[in-house]
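The values are calculated or read from the model by the stated rules, or taken from the named source; none is laboratory data. If you're wondering where the values come from, they're calculated on a predicted model, not measured in any experiment. So basically every Cβ, Gly included, is an ideal-geometry build from the backbone, and we count neighbours across all protein chains shown.
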Amino acid sequence: MSAMDSLRALNVFVHAAEAGSFVGAAQRLGVSPSAVGKAIARLEERLGARLFNRSTRSLALTAEGGLLLERCRRIFAEVDAATRDMSLSQDTPRGRLRVSLPLAGMLLMPTLSAFMRTYPEIMLELDFTDRIVDVIEEGFDAVVRTGEVSDSRLMTRMLGAFEHRVVGSPGYFERFGRPETPEDLSGHACLQHRFPSTGKFERWPLYRGETFVGNDLPSTLSASTLEPLIYLAEQGQGLTCVPLFTVRRQLASGELEPVLTSFMKSTGKLRIVWPSSRHPTPKVRAFVDFVAAELLVTERAGPVSATSQVSA
C-alpha cells in the first residue's frame, strides 16, 4: 500500500469512526458502504489489528482503534495546517473567542490584556470556574488548566510549570508554633482544597527523599476553590497548601510565611487545550500562540499558573 493509499484508508477510517457506521462514512465520502468496509478490512489486515467491534446495529472502536483515531486526527490536523498556513497567515483574527479559565486565572489578566491590545478585533468571552468543563460540549474555543489530557477530540500545548507551598500567618505561628516536619501537621489546623469533581482532597506534596509523607492530614476546613483557603490562612485560622503563584503577594508582604519547604516536591504543569480541528480558525491559533509565547516559563522564573483540571 502506497503512502497516498494509506492516507486514503486512514481518512476512510476516521470518517467511519466519527460517523459511527460504514453507511454514514459512505454518505460523507460519496462512495458505497461496501467500499468503506473493504477499505477498513484492508487497513486492519495491513495493521494486523481489529479497529472496530462490529454488530448488525452498532460499530464501536476497539482500544487499538481508539489509539489510531487519536493519532489520525493529529496527523490530519498537521497536514491541513501545513497546507493552510499561507492562507491563514493572511487572515485577520477576529470574532468572539470563548475561553475557560480557573478561578485563580485572574492572575492571567495581564497576558489577556496584552492579547486584547494585539488583536483588537477579537472579542473575548471569559468563563472563570474551577469545575471540570467539557470543552467540546460546552462550546469553548480554548481552555487553560492543569492536569493531563486524554481526550482525542482535543489538542494540547504545554505552557509551563509551578510549585506549591504550605503557608500560614505570623499570628498563627505565634500561637501554635511552626511545624518542623510533615508529621507535626497532625497537631495543626489544616485548610484543605477539595476537588469539586471527585470530592477528594488535593494532596500536599510532602516528601522525605522519594517517600511521600503527606498522608492522613487533619482537615479543619475544606473548600472547592483556593481563595477562601488563602483568606482563612491570612486570618490565622490554619495552614494551607496552595500553588506558589497564588500567594506571591502575601509572601512578599509577610502576611503569610512558608513552612516545610525542604519537604516540598511539586511541579504542576499548566496547559492550554482546544478542540481538534482540521481547520482551526485564525482567532484560536492566535490565542494559543500568544498565550504560549507569554507563559512558556517556569515558576522559578516568575510564572503565572492555574489550579484546575480539564475533562475528557
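General observations
- Looking at the range 137-247, the strands (runs of 3 or more DSSP E) lying wholly inside it that each contain 2 or more residues that are under 30 Å from Asp289 (Cβ atoms) and modelled with pLDDT under 95 sit at 142-146, 154-162, 239-243.
- Scope the range 223-264; condition under 30 Å from Leu154 (Cβ atoms) and touching a His at 6+ places or on another chain (Cβ under 9 Å); matching residues: Ala223, Ser224, Thr225, Leu226, Leu229, Cys241, Val242, Pro243, Leu244
- Within the range 197-243, considering residues that are at positive phi and touching a residue at least 40 places away in the same chain (Cβ under 8 Å), the one surrounded by the most Cβ atoms within 10 Å (Cβ to Cβ): Gly238
- Checked against (1) of a type in the set (Asp, Glu); (2) at pLDDT 90 or above; (3) closer than 23 Å to Thr281 by Cβ, Glu78 passes all but condition (2).
- Among the residues of the range 81-101, not a single one is part of a helix (DSSP H, G or I), in contact with a strand residue (DSSP E or B) (Cβ under 7 Å, 6 or more places away or on another chain) and at pLDDT 90 or above.
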